[in-house]
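Some notes on the structure that comes next.
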Amino acid sequence: MRNTLRYVLLVVVASLWTTLCFIVPDFLDSPVSGPKSVAILFSYAAALGVGQFLLLYVFFADKYASAVIVPIYALLGSVVAYYRYAFHTTVTPVIIDVTLHTNPGEAAGVMSWQLFLFVSLNVLLSIAFVFFRFRHIRLSMRWFHAIVAIMLFVLYYSVNGRLKRSISQRYPVNVVCSMVDYMKIVSKKSSERALPAVHFNDSIPSLDVVLVIGEAVRADHLSLNDYSRNTCPRLSNRTNIVSLPYIFSEHTHTAASVPHILTPADSLNADLALTSLSLISCFDSAGYSTAWISNQDYGHTYADFIAEADTMIFPNAGKSVFVFHPWYDTDMLPHVCTMLAKNHDRNLLVLHSIGSHWYYNNHVTPEMQVFTPLTDNRVVTRNTAEQVVNSYDNTVVYMDCFVDSLISVLVHRPAIVFYLSDHGESLGENGNWLHAAGAEETKYPAAFVWYSDKYAELFPRKVKALKKNSTKHYRTDYFFYSVLSAAGIEPEGNNASFDIFME
Ligand SMILES: [Zn+2]
């Protein structure tokens, strides 16, 4: 009995250590407003500490196994925690991909003596715990103890959906989940998708087609569409901007929407999102250099399309919506310049933005936070509606700045930019917030097109038709056909009703 008590005490102290060192860094950048939200964060950390206790209870059960598992657990945990604390990055499928493909020179660039010290101290501590386990505890029925703890961990992991999501984002479950997601993505890349049949005119000497996939930006919050606040001060002053205010998206979350808009899928042929290659391959077959520049993680529903591109760039690898630390869409712009500097005649660049994803303030630089007061709590419902709408509208102002800067890079080239958000966002309608629940207000994404003067010289009839069609109602099905049509690439079949460039 004394041994069991001593064993429980060992695991309690060890789990306090791992919770403090490997779990708490996840909460250090969480926005908190008042003692109540601090108390909620503490309760979250405590709930996650229970998971640490159950896992360590299993790891220490057999002393020989513990001598191997516990130091490895400490090594991995301290590396993950260090990068979470020092660089505000977490474990994601992209990070696993980057880690597996990093050469020794690049790896050396992210090492530091602080990392080495932090990891060494944790590993030494883990060895001290193992030493204590060897010297002072004789645990009888150790397999019984381990099996009970495993069963309790499974129960703990599955009893509450919200807690499960939180556990899945923390060490060590985040490492396992990201590995599983990464493996799924890698295995899917080899899946067979069919190339849509296209015809194209080879006489276009050079052209840049840039697609910006927006995130949760709703059409009625753009001053381009007569929103009462001036959320698009820069784009409003641009010539050659054509807003499409009446786009309908049947999908209200990224994973379903992005495959739909990049493939010939439509409401009658939804399966094409699963079986067809995307417009990236169509551009590739027409001789374009293609790049996917993303400020979001791999999504397993559209990882295939990312792999279709010649170049993949993730300027903010390791960021996730569970990391409450800023990262900005303008970080993608230097990579646009790099791609254009390669002097390919024809470029297709797909920019997947973080846009207006919650937590809104994280995606807007401080000087662009023009509407105040801002949200100050990571739980959306713990802010006032005024705070949420202010912070949301600031993301639209930032989008305006980001796309305007992108246009500045392209303005003297034959170029066209398509902006389409993947869906809208609920901002308190019927008590709804954020997106993905299928609410009506999340089905009207922002969309617009900008073209350069040189593009207008190349395709005057298309520009004329675009202006004429801009107030028509389209489903997001228009995107695939119109983007190809903008470059003179015509998919087979009768697609006139989807093509915004068709007179
Ligand atoms: Zn989305």
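No lab work stands behind these numbers, since they all come straight from the coordinates. For clarity, every value in this text was computed on a predicted model and none was experimentally measured. Using ideal geometry, Cβ is built from the backbone for each residue, glycine included, and neighbour counts are taken over all protein chains shown.
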Inset, instruction - Please list 376-383, 247-254 highest first by mean number of surrounding beta-carbon atoms within 10 Å per residue. - result: 247-254, 376-383
Inset, instruction - Using Cα pairs closer than 8 Å and at least 6 residues apart in sequence, work out the relative contact order for the chain, in percent. - result: 20
Legend entry - Helical mean residue ellipticity (222 nm; -39500 (n - 2.57) per DSSP H run of 4+; nearest 500) of the chain: -14500 deg cm²/dmol
Legend entry - Full-extension gain in nm, Glu440 to Leu374, via 0.36 nm per residue minus C-alpha separation: 21.2 nm
Inset, instruction - Report the one residue of Ser43, Ile213, Val110 whose Cα lies farthest in the direction of the positive end of the charge dipole of the chain (charges on C-beta: Lys and Arg +1, Asp and Glu -1; origin at the Cα centre). - result: Ser43
Inset, instruction - Work out from phi, with θ = phi - 60° and the Karplus expression 6.51 cos²θ - 1.76 cosθ + 1.60, the ³J(HN,Hα) of each residue of the range 374-379, listed in order in whole Hz, and give x for Gly and Pro. - result: 8, 5, 9, 9, 5, 8
Legend entry - Overall form of the range 89-153 per C-alpha gyration tensor (a/c, 1.5; a/b vs b/c): oblate
Legend entry - Global geometry of the chain, whether rounded, prolate or oblate, following the gyration tensor of its Cα atoms and the 1.5 cut on a/c: prolate
Legend entry - Low-density loop positions, chymotrypsin sites (Phe, Trp or Tyr not before Pro), the range 371-456 - DSSP coil, at most 10 other Cβ in 10 Å: none
Inset, instruction - Compare the Cα positions of Asn432, Leu458, Ser421 along the charge dipole of the range 398-503 (+1 at Cβ of Lys, Arg; -1 at Cβ of Asp, Glu; about the Cα centre) and return the one farthest towards the positive end. - result: Leu458
Inset, instruction - With a length cut of 15 Å (Cα positions projected on each helix's long axis) and a Kyte-Doolittle mean of at least 0.0, go through the chain and give me the DSSP H helices that pass. - result: 2-18, 35-59, 63-87, 113-136, 142-158, 173-189, 385-410
Legend entry - the range 150-290, relative contact order in percent, only Cα pairs under 8 angstrom and at least six apart counted: 20
Legend entry - Packing-based ranking, highest mean first, of 289-296, 461-468 given that Cβ atoms within 10 Å are counted: 289-296, 461-468
Inset, instruction - Evaluate the distance, in nm, between pseudo-label points positioned 7 Å from the Cα of Asn269 and of Glu457 along their respective Cα→Cβ axes. - result: 3.7
Legend entry - Within the range 140-157, backbone nitrogen closer than 18 Å to the virtual label 7 Å beyond the Cα of Leu5 toward Cβ: 140
Inset, instruction - Using a cut-off of under 20 Å, list every residue of the range 51-79 whose amide N is near the label point 7 Å from the Cα of His136 along the Cα-to-beta-carbon line. - result: 53-54, 56-68, 70-71
Inset, instruction - Please list 127-137, 21-31 highest first by mean number of surrounding beta-carbon atoms within 10 Å per residue. - result: 21-31, 127-137
Legend entry - Dipole magnitude of the chain about its Cα centre (Cβ charges: Lys, Arg +1; Asp, Glu -1), debye to nearest 20: 2200
Legend entry - Inter-label distance, nm, simple model (7 Å from Cα along the C-beta direction), Leu115/Leu152: 3.6
Inset, instruction - State the extension gain, in nm to one decimal, for the chain segment bounded by Phe87 and Ser236, taking 0.36 nm per residue of separation less the distance between their alpha-carbons. - result: 50.0 nm
